[in-house]
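Take a look at the structure set out below.
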Number of protein chains: 2
Amino acid sequence: MTGFESDAADAEWRPVARTRTYELVIDRVEEQIVSGSLEVGDRLPAERDLAKMLGVSRAAVREAFRALEAQGVLRMNVGTGPDSGTTVAALPSEALTRLLRLHVALANFPVADVVRARIMLERESARHAATRARPDDLARLGELLDEMDSPDCDRARFNDLDTEFHVGIAEAGGNRLVADMTIAIRESMRRPLLAAFDDRGDDWYPIAEELRHDHRAIHQALRDGDADAAEKLTESHIRASYRHGWAQELP
Amino acid sequence: MTGFESDAADAEWRPVARTRTYELVIDRVEEQIVSGSLEVGDRLPAERDLAKMLGVSRAAVREAFRALEAQGVLRMNVGTGPDSGTTVAALPSEALTRLLRLHVALANFPVADVVRARIMLERESARHAATRARPDDLARLGELLDEMDSPDCDRARFNDLDTEFHVGIAEAGGNRLVADMTIAIRESMRRPLLAAFDDRGDDWYPIAEELRHDHRAIHQALRDGDADAAEKLTESHIRASYRHGWAQELP
């Protein structure tokens, strides 16, 4: 405009980054957590101080805090007591399960890939559960199977109990990280499995009978503390359930 | 205060729910996604309309949208074109990796549990990679190993290349869901592994030599298309790396 034409010709016009300021604030907070500088229970600087340190608006800091609170990463308490202010929270397992379920719903993974991931995780959980499940874990799993034997158990209820049975084994395995991943994947299968079984019409009855039989065999292997059997039975059961639901072998 | 004493005595004083309004809005949106009513690319109602339908303030809807945008679940575009408004985004893999990494950093899982999850995932990835890796995947993995042989490769760089090698195998395996989980777990180990190796002082040199040797053997098994060998070598390599880093066998 005022004689800078030659500079303007040299200027590099890079596209404006689409990342929003509050997302950059989120990145900074996460970096501190992953590097270990911020640990569970640590308090973050006040909004106005952090805004000044990062050179951003208070609104951007507030939005970042809200987004991280919604994910269970931060806890925001009002007031002036020792718990007031914004602290790092112990991200609940549920947050991971939620995101993984959303991820499976949105990412449109091929069902066969999800089933393969399920086999891998549940084999591992079954192995652990065979040696670590306590008597009350085993009793609770048995009650779920009894309920699945009831004549009033329709396929929606059957599917819920089936999910609970598999989740229960993952919990009994004692590796929280493996259990969290197993639960997320199994829960992401709840709806597609139910839809698949709804499509099977009356063929569902003999299928359900076979699934019940598989569950009893897995339960027995866990009671016997037989890790190899529990692992093998779990794999063949998941393969069978895929075959019945999708009318083809797992490729 | 004004003659309601008897009612007050009967009243149940439940604690005020801590869930914020915008978190309830997030729940509603996620329900629609998990149930399949909202799919990738679908447009959400305008802020003011959704606020009315849910009986909440526009600010609560806006905060929920921002939080979901930060997670990669929604995309918010301004303007009036066909892409304007708030649409459901294909949650990027990176969002899952990020959350899983945070989860591992915050949840304080025992390292042994994380290493066991890693073994499970990488065995599976190695199996797949042995049959599915393309020549350029194998060439790229080989380049990483060459770089790790260089005398200027210090332990931080070694650790980065090591991470890249394992991530590369997961990518080459072709099961995106398994790869995403593998990457997240391997990346969450980057810092603790580096810290462990820093603590080993000059003992690190023979350890690095052994790790290099393991990597070459795994790479060869992948080139040979030998899934069983790739799986076994991967497990023994991860166990050795735990033993060297933490000076004990994986319990």
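Read the figures in this text as sums done on the coordinates, not as results from a lab. As the structure is a computational prediction, the values presented were derived from the model and not from experiment. Glycine also receives a Cβ, built like all others from the backbone with ideal geometry; neighbour counts cover every protein chain displayed.
Quick notes on this one:
- At 7 Å out from Cα toward Cβ: B:Arg216 inter-copy label distances (nm, ascending): 5.6
- Calculated FRET efficiency for the pair B:Arg140/A:Asp198, C-beta based, R₀ 41 Å, to 0.05: 0.35
- Seen against the Cα atoms of chain A and their longest principal axis, helix A:176-199 is set at about 60 degrees.
- Estimated dipole of segment A:74-145 in Debye, rounded to 20 [Cβ of Lys and Arg +1, of Asp and Glu -1, Cα centre]: 180 debye
- In the protein assembly as shown, a dipole from Cβ-located charges (positive for Lys and Arg, negative for Asp and Glu) runs towards its positive end, and of A:Gly142, B:Ala67, B:Ser35 it is B:Ala67 whose Cα lies farthest in that direction.
- Treating each Cα of the protein assembly as shown as an identical point scatterer and summing with the Debye formula, the log10 of I(q)/I(0) at q = 0.07, 0.12 Å⁻¹ comes to -0.47, -1.26.
- Rotation relating B and A, chain A residue nearest the axis via C-beta, angstrom: A:Ala67, 2
- About the centre of its Cα atoms, chain A shows a dipole size close to 580 debye [charges on the beta carbon of Lys, Arg (+1) and Asp, Glu (-1) only; nearest 20 debye].
- Between amide H atoms placed 1.01 Å from N, distances below 5 Å from B:Leu74 occur with B:Glu69, B:Ala89, all of them 5 or more places distant or on a separate chain.
- Remark: label point of A:Gly36 defined 7 Å out from Cα along the Cα-Cβ vector; separations to the same position in other copies 4.6 nm, ascending.
- Every helix of 4 or more DSSP H residues in chain B counts as -39500 (n - 2.57), and over all residues that averages to -23000 deg cm²/dmol at 222 nm.
- Charge dipole (the protein assembly as shown, unit charges on Cβ, about Cα centre) - positive-most of B:Leu121, B:Leu222, B:Leu161: B:Leu161
- Computed E for B:Glu147/B:Asp27 - FRET, C-beta separation, R0 51 angstrom, nearest 0.05: 0.65
- Environment charge at B:Arg48 (Cβ cut-off 14 Å; Lys +1, Arg +1, Asp -1, Glu -1): +1
- Residue exposure sequence - A:Ser93, B:Ser35, A:Ser241, B:Ser236 - by fewest surrounding Cβ within 10 Å: B:Ser35, B:Ser236, A:Ser93, A:Ser241
- When you restrict to C-alpha pairs under 8 Å that are six or more residues apart and normalise by the size of chain B, the relative contact order lands at 19 percent.
- Local net charge near B:Val167, Cβ-Cβ under 9 Å (Lys/Arg +1, Asp/Glu -1): -2
- Using a Förster distance of 35 Å, the FRET efficiency for B:Arg239-A:Asn108 (Cβ separation, nearest 0.05): 0.50
- Cross-link partners for B:Lys232 among the lysines, with Cα-Cα distance under 20 Å and sequence neighbours closer than 8 places in the same chain left out: A:Lys232.
- For chain A, the fraction of C-alpha pairs farther apart than 25 angstrom is 58 percent.
- Segment A:111-134 residues near the modelled A:Lys232 label - backbone nitrogen below 19 Å, point 7 Å along Cα→Cβ: A:119-131
- For B:Asp154, inter-copy label distances in nm, listed shortest first [label point 7 Å out on the Cα-Cβ vector]: 6.6
- Dipole magnitude for the protein assembly as shown: computed about the Cα centre from +1 point charges on Lys and Arg Cβ and -1 point charges on Asp and Glu Cβ, it is near 840 debye.
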